[in-house]
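The values are calculated or read from the model by the stated rules, or taken from the named source; none is laboratory data. Just so we're clear, the structure is a prediction, and the values are computed from it rather than from any experiment. Backbone-built Cβ (ideal geometry, glycine too); neighbour counts: all protein chains shown. Quick note on the areas: whole protein, heavy atoms, side chains included, nothing else; ligands and nucleic acids left out. Shrake-Rupley method; radii C 1.70, N 1.55, O 1.52, S 1.80 Å.
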Amino acid sequence: MSASTRRQIAGVYRPPVNSRPAPPPRPDAVAQLCRTANTVRAHLERTVLREAGMTWTSYDVLVLICARRVVEPRAIAVEVGIAKATLTNTLSALVDRDLVRRQLHERDRRRVVVRPTQAGLDLARELQRLVHARQAELFAGPGMPPRDNIAHVLRVVAARSRPDDATPRGEGAR
């Protein structure tokens, strides 16, 4: 029976003697990016979106629909990066609030498209104004690169990380 087997059998962990401990894992750039994104998202939900009864996902979906004016649900799920089930729930809530409408595709009656209502356009404009103001506060200060530079880098990284068949039309490494 080896020493490591005896350690397991005894139920007591005894670190090997005379070996240097491995350095602890440290967050890398992607982990820090995800943590920062989650923190900023939660901050914007608390400070801006909650009052309008929106989550970040519902806001993101609404703004995308308003920007495109007509979009298929599959394209929304791909671009926003959410599951189809999450999108279905989000769209249902937006339809119930009369912010968007589901309609049959003009040429292919088997497909569905989503369009914003005037109320949806108005709410998206107002929320986007408030979100941009809050973002400006977060990015203000000495030593921060211009916000457009950060946004460009993030768009390129997002485009590179998508599977080739999932990249929405008109997106890419701008």
So T36 clears everything in (1) within 22 Å of H132 (Cα to Cα); (2) modelled with pLDDT under 95; (3) open to solvent by less than 40 Å² (accessible area, probe 1.4 Å) except one condition, right? Which one?
(3)
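If you check P73 against the conditions, is it more than 26 Å from A37 (Cα to Cα), modelled with pLDDT of 90 or more and touching a helix residue (DSSP H, G or I) at 6+ places or on another chain (Cβ under 7 Å)? Spell out the reasoning first.
Details: more than 26 Å from A37 (Cα to Cα): no; modelled with pLDDT of 90 or more: yes; touching a helix residue (DSSP H, G or I) at 6+ places or on another chain (Cβ under 7 Å): yes.
Answer is no for this residue.
Is it true that A31 is open to solvent by less than 70 Å² (accessible area, probe 1.4 Å), within 26 Å of A159 (Cβ to Cβ) and either touching a Lys or Arg at 6+ places or on another chain (Cβ under 8 Å) or at pLDDT below 95 (or both)? Spell out how you get there, then give the answer.
Values: open to solvent by less than 70 Å² (accessible area, probe 1.4 Å): yes; within 26 Å of A159 (Cβ to Cβ): yes; either touching a Lys or Arg at 6+ places or on another chain (Cβ under 8 Å) or at pLDDT below 95 (or both): yes.
Here the answer is yes, as A31 does meet what is asked.
Would you mind stating whether V131 is in a strand (DSSP E or B), aliphatic (A, V, I, L, M) and in contact (Cβ under 8 Å) with a residue 12 or more places away in the chain? It would help to see each step written out before you state the result.
Values: in a strand (DSSP E or B): no; aliphatic (A, V, I, L, M): yes; in contact (Cβ under 8 Å) with a residue 12 or more places away in the chain: yes.
Considered against the rule, which asks whether it is in a strand (DSSP E or B), aliphatic (A, V, I, L, M) and in contact (Cβ under 8 Å) with a residue 12 or more places away in the chain, V131 comes out as no.
May I ask you to verify whether S4 is in a helix (DSSP H, G or I) and either modelled with pLDDT of 85 or more or over 30 Å from Q135 (Cα atoms) (or both)? Steps first, please.
Working: in a helix (DSSP H, G or I): yes; either modelled with pLDDT of 85 or more or over 30 Å from Q135 (Cα atoms) (or both): yes.
Yes, satisfied.
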Pick out the one residue from A140, A83, A75, A136 that is exposed (fewer than 15 other Cβ atoms within 10 Å of the Cβ) and either within 26 Å of S161 (Cα to Cα) or not hydrophobic (A, V, I, L, M, F, W, C) (or both).
A83
Looking at (1) exposed (fewer than 11 other Cβ atoms within 10 Å of the Cβ); (2) at pLDDT 80 or above, find the lone condition where G170 falls short.
(2)
Which one is farthest from L123 (Cα to Cα), of the residues in the stretch 58-72 that are open to solvent by 50 Å² or more (accessible area, probe 1.4 Å) and of a type in the set (A, V, I, L, M, F, W, C)?
V70
